[in-house]
Amino acid sequence: MRSMSQRHRVVITGMGVVSPIGNGLPALSEQAFRGVSGIKRLDASFVDQLDCKIAAQSQFDPAQHFTKHAYSMLDRTSQLGLHTSIEAVKNAGLTINDTLKPRMGIYFGTGMGSSHSIEEGYVRLYKDGASRLKPFTVLMGMNNAAASAIALEYKLIGPNQTFSTACSSSAVAIGEAARLIQHGYTDVMLAGGAEALLTFGTIKAWEALRTLADEDIENASRSCKPFSADRTGLVLGEGAAMLVLESYEHATARGATILAEIAGYGSANDSGHITQPSVNGQAATIQAALTDANLPPNAIQYINAHGTGTQLNDITETNAIKKVFGDHAYHLSVSSTKSMHGHLMGAAGALETVITVLALNANTLPPTINLKQPDAACDLDYVPNKAKVLPKLEYVMTNSFAFGGTGAALILKKVNS
Amino acid sequence: MSVPSLDEISKVLAKMIADKMEIDVNTITAESNLTELGLDSLDTFDLIFNAEDHFKIKVPNDQVQIETLQDVTALVHKLIVAQSS
């Protein structure tokens, strides 16, 4: 093992994404900056049995990317995680040889795990009256199935762990992966997450929490309204985002294009209530990331907010930002891209990290769409409805908070090549 | 229920293997070794699972040691005979 006394810089060199607003970086970038919504009526056989009929689905056909033999052994979550990992490795131009394999690992995040496989098993047993389950049920349903499939794809020997902290899962995975590299345990990590929870049972369970958005009467695609006074809740989404993280030395030695540096990561816990966020918990998360980056609050120019669109989250997050940033809260910009791509739960943090990296390099802040009615309690600059060009972006942040309490904030720094 | 012939069983199983592995069914013979066709132990369990569904039989755990298509065909035939009598 290399010396732990020296802290390595960690950079992002590759990203892969499947999202409700586009697969691949060019499509995602175009849609996110243009303020396009990926939310619509759910395309599913059971939609008539739902109270909440809207969702943010990703267009992803596994048959286009894998052999039938390969994809039939993987839950949709794993298919998404594996595909975006392959895309991220390609984007990084990374050759994974025998020397690298022991120095490269996977940290993966997912909230609900393999929802489709688990539910299919229950339907078979309880509804169809079957006496047994398919042989792959355990292997497809286990929460570490995606990370395992990714490791097998590249025969990686480095650490392979799955984080499940609900909506912050993949942000935690990225932050913890960065720490592994920082402290010299690995040189390269694949980090991010996937979520595919748009099943009948899972949506019903979310309906019962009374936290899902009402369908906008005029236009279903406008149903998610973070920071707007008329917001009614979150919209469930599916997709995945994976990133290649490397030590700065490793990336520069191979001449990689550096997309951004992970300048700071912080995680803290809300300890007040299982669903109600607290200003103190969220502020502690943001402060932890600033401390880790050794940055003053006024260095941060943009925050990609957790911004779910629930009444409580958006006020709490606004107040947490004010608590940490003081007056500077009114000088930075905050936006919730969930207004476009919905809430990808375990994959949300990774998708929003990718969007934040794209924003950093394009010097353009993605908007919060559907922000039509100002809320007196949400009085920051939320980049309403239209992307904003902000030359000389240098430090940006992305927040993830979660049911259960685990928060994660990542600070990204532009690296000029 | 009438008991299907070995040939009929073999054809059904060959098609299951061809569909699963995305290979040409005509390349599969009775002597084909399942490992050489690309099936690992889990794929073999899956094949047996599908055969159980299709032929309405139950394969006991101690009888899943099979190597060739011929072995699976014989096993399935034996169980259909035993379980239909």
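The values are calculated or read from the model by the stated rules, or taken from the named source; none is laboratory data. All of these numbers come straight from a predicted model, not from anything done at the bench. Positions of Cβ are generated from backbone atoms using ideal geometry, with glycine treated the same way; all protein chains shown enter the neighbour counts.
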Self-check item: Residue within region A:85-94 that is out of contact with any Leu (no Cβ under 7 Å at 6 or more places or on another chain) and hydroxyl-bearing (Ser, Thr, Tyr) present
Solution: no
Quiz item: For region B:12-23, how many residues meet the condition of being more than 9 Å from every other protein chain (Cβ to nearest Cβ) and assigned to a helix (DSSP H, G or I)?
Solution: 7
Quiz prompt | Subset of region A:185-227 (residues that are outside any loop (DSSP other than H, G, I, E, B), more than 22 Å from the chain's Cα centre (by Cα) and more than 30 Å from A:Tyr122 (Cα to Cα)) | solution = A:Ala220
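Quick check: anything in region A:33-42 assigned to a helix (DSSP H, G or I) and either among the hydrophobic types (A, V, I, L, M, F, W, C) or in the same structural domain as A:Leu245 (by TED's automatic domain parsing) (or both)?
First pass over region A:33-42, keeping only residues assigned to a helix (DSSP H, G or I): A:33-34.
Now drop any that are not either among the hydrophobic types (A, V, I, L, M, F, W, C) or in the same structural domain as A:Leu245 (by TED's automatic domain parsing) (or both), which leaves A:33-34.
Yes, there is a match, as at least one residue in region A:33-42 is assigned to a helix (DSSP H, G or I) and either among the hydrophobic types (A, V, I, L, M, F, W, C) or in the same structural domain as A:Leu245 (by TED's automatic domain parsing) (or both).
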Quiz item: When both residues are 6+ apart or on different chains and their Cβ atoms are under 6 Å apart, which pairs have a first residue that lies in region A:267-287 and is without any contact (Cβ under 8 Å) to a residue 40 or more places away in the chain, and a second that is surrounded by fewer than 16 Cβ atoms within 10 Å (Cβ to Cβ) and assigned to a loop (DSSP other than H, G, I, E, B)?
Solution: A:Ser278/A:Gly272
Quiz item: Looking at B:Asn50, B:Asn26, which is the one that is at pLDDT 90 or above, within 14 Å of chain A (Cβ to nearest Cβ) and not in a loop (DSSP other than H, G, I, E, B)?
Solution: B:Asn50
Quiz item: Does A:Thr252 satisfy the criteria of being in a loop (DSSP other than H, G, I, E, B) and surrounded by fewer than 24 Cβ atoms within 10 Å (Cβ to Cβ)?
Solution: no
Quiz item: Does A:Ala177 satisfy the criteria of being away from chain B (no Cβ under 14 Å), touching a helix residue (DSSP H, G or I) at 6+ places or on another chain (Cβ under 8 Å), of a type outside the set (D, E, K, R) and under 30 Å from A:Gln282 (Cα atoms)?
Solution: no
Self-check item: Candidate set: region A:187-220, residues that are more than 25 Å from A:Thr84 (Cα to Cα) and polar (S, T, N, Q); chosen: the one surrounded by the most Cβ atoms within 10 Å (Cβ to Cβ)
Solution: A:Thr211
Practice problem: Go over the candidates B:Val76, B:Val3 one by one and state the one that is touching a residue at least 40 places away in the same chain (Cβ under 8 Å) and either in a helix (DSSP H, G or I) or under 12 Å from the mean Cα position of the chain (by Cα) (or both). | Solution: B:Val76
Quiz prompt | Residue that is at pLDDT 95 or above, of a type in the set (A, V, I, L, M, F, W, C) and in a strand (DSSP E or B), where the choices are A:Leu295, A:Leu245, A:Leu290 | solution = A:Leu245
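Could you tell me which of the residues A:Leu371, A:Leu365, A:Leu351, A:Leu380 is surrounded by fewer than 23 Cβ atoms within 10 Å (Cβ to Cβ) and not assigned by TED's automatic domain parsing to the domain that holds A:Glu195?
The match here is A:Leu380.
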Exercise. Among the residues of region B:29-47, count how many are surrounded by fewer than 18 Cβ atoms within 10 Å (Cβ to Cβ), at the interface with another protein chain (Cβ under 9 Å from one of its Cβ atoms) and assigned to a helix (DSSP H, G or I).
Key: 2
Practice problem: Restricting attention to region A:131-168, report how many residues are surrounded by 19 or more Cβ atoms within 10 Å (Cβ to Cβ), more than 17 Å from the chain's Cα centre (by Cα) and among the β-branched types (Val, Ile, Thr). | Solution: 1
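Rundown of residues vs (1) assigned to a helix (DSSP H, G or I); (2) touching a residue at least 12 places away in the same chain (Cβ under 8 Å); (3) not assigned by TED's automatic domain parsing to the domain that holds A:Thr202, yes/no style:
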position	(1), (2), (3)
A:Phe108	no, yes, no
A:Met112	no, yes, no
A:Glu119	yes, yes, no
A:Val123	yes, no, no
A:Ala130	no, no, no
A:Leu139	yes, yes, no
A:Ala149	yes, yes, no
Quiz item: Got a number for residues in region A:151-184 being within 20 Å of A:Thr99 (Cα to Cα) and either assigned to a loop (DSSP other than H, G, I, E, B) or basic (Lys, Arg) (or both)?
Solution: 7
Quiz item: Quick check, is A:Lys68 over 24 Å from B:Val59 (Cα atoms), among the basic types (Lys, Arg) and more than 14 Å from every other protein chain (Cβ to nearest Cβ)?
Solution: no
